[in-house]
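Below is one structure, written out as structure tokens, with a few remarks after it.
The values are calculated or read from the model by the stated rules, or taken from the named source; none is laboratory data. In this text, all values refer to a predicted model and were calculated from it rather than measured experimentally. Using ideal geometry, Cβ is built from the backbone for each residue, glycine included, and neighbour counts are taken over all protein chains shown. Surface areas here come from the heavy atoms of the whole protein model, side chains and all, with no ligands, DNA or RNA. Shrake-Rupley method; radii C 1.70, N 1.55, O 1.52, S 1.80 Å.
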Amino acid sequence: MANDDLHHGNLNGSGHRHYVEFYFHCCFDELLRNTCDWESELSGTEILDVFNFLEIDFDRELVVKGYNNHLNHSVEVFHSRLDERVFAYFDLQKEPTDQNDMFFLGISCTAIQEPTVHEMLLKIYKKLGTTSAFSFDIRNKILYNKVFHSTFYFYKLDQEMYKRKMNHHNLMHH
């Protein structure tokens, strides 16, 4: 099982300082403009602009279909064509009591990309009506650990009724 980890054995954190992470919960339909039920200042293309900037091939239909399936609680990770550590993290786990169609969005990018991505995400975040706190993380690498050391950080800590799965997209060598 440990061999499922993408970076198994690389626990010394080398190269961590070259990457930053952003994450927050927001309304799925508001961010992607999946339906027009939610009023929003967003057009739905803003997050796609972030993915284009990061050279992440994003499968919108797959994510919308996954989100709309109430039995699907998976995580979809879309890696950049240029760097597997640059990725978008869509946690499609649904809370039974959630009335706002919330989901957890994470973005990992390089320190060089950070100023542009930070600005783009803040513009999106400020227009969203329903969100959690906006997290900008340069040290803890929560997303990195879940994605690249998933045996422990994702699967072992995930003792829910429905076994969640992490699906990787656009990875070159796995």
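Some observations on this one:
- Residues in the stretch 122-154 that are open to solvent by 40 Å² or more (accessible area, probe 1.4 Å), in a strand (DSSP E or B) and among the polar types (S, T, N, Q): 131 only.
- Test result for residue 106, of a type in the set (Gly, Ala, Ser), within 15 Å of residue 27 (Cα to Cα) and at pLDDT 95 or above: yes
- Count - residues of the stretch 70-84 that are farther than 13 Å from residue 167 by Cβ and surrounded by fewer than 20 Cβ atoms within 10 Å (Cβ to Cβ): 5
- Applying the condition of being at pLDDT 85 or above and among the acidic types (Asp, Glu) to the stretch 81-103 and asking which residue is nearest to residue 125 (Cα to Cα) yields 91.
- Flag for residue 78 being in contact with a strand residue (DSSP E or B) (Cβ under 8 Å, 6 or more places away or on another chain), in a strand (DSSP E or B) and not small (Gly, Ala, Ser): yes
- Breaking point among (1) among the hydrophobic types (A, V, I, L, M, F, W, C); (2) outside any strand (DSSP E or B); (3) modelled with pLDDT under 95, for residue 117: (3)
- Residue 53 meets all of the listed conditions (1) out of contact with any helix residue (DSSP H, G or I) (no Cβ under 6 Å at 6 or more places or on another chain); (2) modelled with pLDDT under 95; (3) surrounded by fewer than 16 Cβ atoms within 10 Å (Cβ to Cβ) but one, namely (2).
- Looking across the stretch 90-121 at every residue that is farther than 22 Å from residue 20 by Cα and free of Cβ contacts under 8 Å to residues at least 24 places away in the same chain, the one that is least open to solvent (accessible area, probe 1.4 Å) is identified as 98.
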